[in-house]
Amino acid sequence: MSDNHLSEHPASAKESSESSLNPSRFFSFKNFFLLFCMAVSLIHIYYNSFGLIEVVPKNMIHVSLMMGVVFLTKRAQKTDNSEVPSLLDWVFFALSIGLGIYLLASYGRWMETLLATNTMDIVYGLAFVLLVIEASRRSVGWVLTSIGMAFLIYTYIGPWCPGLLAHAGFSLKRILVRMTMTSEGLLGVAVMVSASYIFMFILFASFLKATKASEFFNDLASALAGGTRGGPAKVSIVASGLTGTISGSSQANVATTGSFTIPLMIHTGYQPYFAASVEAIASTGGVIMPPIMGAAAFIMSSYLGIPYNKIMVAGITPALLYYWTLFHMVDLGAAKWGLTGMPKDQLPKLKEVLRQRGQLLIPLILIIVALFIGYSPLFAAFIGIISVLVVSFFRKDTRLSLLQIVEALAEGAVNGATIAIICAVIGFVIASVGMTGIGQTIGTSIVKWSGGQLWLTGILCMITAVVLGMGLPGPACYIITATVAAPALVKIGVSQLGAHFFAFYFGTMSSVIPPVALTSFTAAAIARCNPTKVAFSGLFLGSAGLLLPYMWLYNPILLAESFHWGKYLWIVSTAMVGLYAVSLSIMGHCLIKISALERLFTATAAVLLVLPNMITRISGLTGLAIGFILHYSRYKKLRKNNKEGQYTTIPVNKADQ
């Protein structure tokens, strides 16, 4: 018991002496919770790396333990700031663990009797549904929870629904059995991915975080980009991209890198809302950056039955094009506002950064190699965790103590809990779509409304993703969009991978698209500025990236499908030029301010360079060349007319930022 703790509870010396012998001192809630979460992580490591267990029991162990973590950490009311759970929280915790034990004890009987149920089984199913709903409400709020409940209710009320929404309906008993006792409901593919790939990579990120890898990534980004024009914003881009390879969460990415990059950008001349929007967009891109992409990428792999290394390879080009676009948006903005880089004497030296903590790149390299040569993501994550422990001992300042290892295990369980509950409540959607066929119905309707036109179908699917994704985490938005909108793209000839990557991309981008832009709001809290202003500024910065998914709808080779080096290099080159043209059009600045005529040429070129036809691409390149020639001629003329013989860029006007 610390002196500070004793000072909070004044007592006589005798009382203090007695309290030091109190067993509760050693069995406090904090210690119990730490040990429980450590045990949760060790159980996951065991059954993902050494043990063999069937899918449904494994998924139930995962959900049961994760619900337990949620009920011990999330209070029933948002206004309740108590660190110690209430009696109701402990009851829900006990029920969560009890439901897991009940399934493990009953699963063999269910399989032998082909899911013949008794009264206790129905009670179990009803309690499981209600606990998942309550855990979801506490973890992610009412938006996702309401969507899950709506699909659950829709499964029952189908006979009373109008028009295309009508279906035969199902009994409550059949719904409970499907939802809670099979791999087609709450314990389905989404939870399976959470219990295995996602949890193991979250645990890997927790261990890497304990070595202060985020500081290394920030220093590395500063050394690489800090001295260039608009350097702090570019540092944000590089650091967020590097951190995104291990975090898989845009909000976590903002919280990690934004605490360093946002104040740095503000200090060097960027307005707070613009600095926050840069960080939000850069961190969002980290979710689509291999090797460890967002949770939705692992779900996509299992959903489509495609090896994760193929998903990872498909994601490389879109991720690089995303950051290519954002880099030029920021660079042109820096030129427009006359912002320079950081002084060299304030920048870390690249060689010194690599010498001191370069070993922290080894786990990432090992994961990439393991995935590329065909090992499973589970094996790659296990290798990553072991390698972090090993390389941490290379230097004293990164060496992990026993307590830090225990805390990393506990943090992994806490960080994995929210994702697990998201995947569980999304099971309502997956099961309902599978039982009712509503996904195919909506997909057919979208194709009908679009007249079979690819571009219009893409726009309708994008709108569906953005609307459904308001306030939802990326994995939830991906699953919903993939089940109700992606079938429309598949119906008109887009590959399964292309359609699902489209849903994945816009599911990710939904976190920075107003009015509910969770990642932008996180960045705004760090910058202490208006969240709405950050959200719309972020949409402005990321608007060029919204064109990117349409590129692979028309050019599947960008996802490494039907790959041929010659064709790939040609399409990627023209895509880079097209995205740069979009950046010019949006920012309205190159060497000097772009005129209306020049902007018309660049905007038209950007659209033409998306289309796969050779003639349209050449026309786009020609139009961009004409626009740049006009721009450069005007720039030369202005320089010549400048009395000092040297043209000065537009001065910094912070009000314009």
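Some notes on this structure:
- One residue from THR622, THR616 being under 25 Å from PRO549 (Cβ atoms) and not aliphatic (A, V, I, L, M): THR616
- Members of segment 502-546 found to be out of contact with any His (no Cβ under 9 Å at 6 or more places or on another chain), among the aliphatic types (A, V, I, L, M), over 11 Å from GLU279 (Cβ atoms) and assigned to a helix (DSSP H, G or I), listed by number: ALA503, MET509, LEU518, ALA525, ALA535, LEU539, LEU546
- Scanning segment 134-153 for residues that are under 20 Å from SER171 (Cβ atoms) and either out of contact with any helix residue (DSSP H, G or I) (no Cβ under 6 Å at 6 or more places or on another chain) or not assigned by TED's automatic domain parsing to the domain that holds VAL70 (or both) turns up MET149, ALA150, ILE153.
- Among residues of segment 124-156, those that are surrounded by fewer than 21 Cβ atoms within 10 Å (Cβ to Cβ), among the small types (Gly, Ala, Ser) and under 17 Å from VAL91 (Cα atoms), counted: 1
- The set of residues in segment 602-642 being crowded, with 19+ Cβ neighbours inside 10 Å, part of a helix (DSSP H, G or I) and either among the small types (Gly, Ala, Ser) or under 35 Å from the mean Cα position of the chain (by Cα) (or both) consists of THR602, ALA605, ALA606, LEU608, ARG617, GLY620, GLY623, LEU624, GLY627.
- Residue check for ASP121: more than 28 Å from the chain's Cα centre (by Cα), buried (at least 18 other Cβ atoms within 10 Å of the Cβ), under 30 Å from LEU518 (Cβ atoms) and of a type in the set (D, E, K, R): no
- Residue match in segment 354-376 (condition: more than 25 Å from the chain's Cα centre (by Cα), free of Cβ contacts under 8 Å to residues at least 12 places away in the same chain and more than 28 Å from MET200 (Cβ to Cβ)): yes
- Test: residue in segment 60-73 that is polar (S, T, N, Q) and either within 20 Å of LEU203 (Cβ to Cβ) or buried (at least 19 other Cβ atoms within 10 Å of the Cβ) (or both): yes
- Here PHE506, PHE501 are screened, and the one residue that is crowded, with 23+ Cβ neighbours inside 10 Å, at pLDDT 90 or above and closer than 26 Å to THR256 by Cβ is PHE501.
- Flag for VAL391 being at pLDDT 90 or above and under 29 Å from SER301 (Cβ atoms): yes
- Selection status of THR228, over 17 Å from the mean Cα position of the chain (by Cα) and not in a helix (DSSP H, G or I): yes
- Test: residue in segment 542-563 that is closer than 30 Å to LEU638 by Cα and crowded, with 23+ Cβ neighbours inside 10 Å: yes
- The set of residues from segment 159-174 being closer than 22 Å to GLY125 by Cα and touching a residue at least 60 places away in the same chain (Cβ under 8 Å) comprises just one member, PHE170.
- Any hit, segment 561-571, residues being of a type in the set (D, E, K, R) and assigned to a helix (DSSP H, G or I): yes
- Residue under evaluation MET293, criteria (1) surrounded by fewer than 22 Cβ atoms within 10 Å (Cβ to Cβ); (2) outside any helix (DSSP H, G or I), criterion not met: (1)
- Qualifying residue in segment 584-601 (condition: part of a helix (DSSP H, G or I), of a type in the set (Ser, Thr, Tyr), buried (at least 17 other Cβ atoms within 10 Å of the Cβ) and out of contact with any Pro (no Cβ under 7 Å at 6 or more places or on another chain)): yes
- So PHE382, is it in contact (Cβ under 8 Å) with a residue 60 or more places away in the chain and either part of a helix (DSSP H, G or I) or touching a Pro at 6+ places or on another chain (Cβ under 6 Å) (or both): yes
For (1) among the charged types (D, E, K, R); (2) free of Cβ contacts under 8 Å to residues at least 60 places away in the same chain; (3) part of a helix (DSSP H, G or I); (4) in contact with a Pro (Cβ under 9 Å, 6 or more places away or on another chain), each residue gets a yes or a no:
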{"position": "ILE288", "(1), (2), (3), (4)": "no, no, no, yes"}
{"position": "MET300", "(1), (2), (3), (4)": "no, no, yes, no"}
{"position": "THR317", "(1), (2), (3), (4)": "no, no, yes, no"}
{"position": "LEU332", "(1), (2), (3), (4)": "no, no, yes, no"}
{"position": "THR340", "(1), (2), (3), (4)": "no, no, no, no"}
{"position": "LYS351", "(1), (2), (3), (4)": "yes, yes, yes, no"}
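The values are calculated or read from the model by the stated rules, or taken from the named source; none is laboratory data. Everything quoted here is computed from the prediction, not taken from an experiment. Using ideal geometry, Cβ is built from the backbone for each residue, glycine included, and neighbour counts are taken over all protein chains shown.
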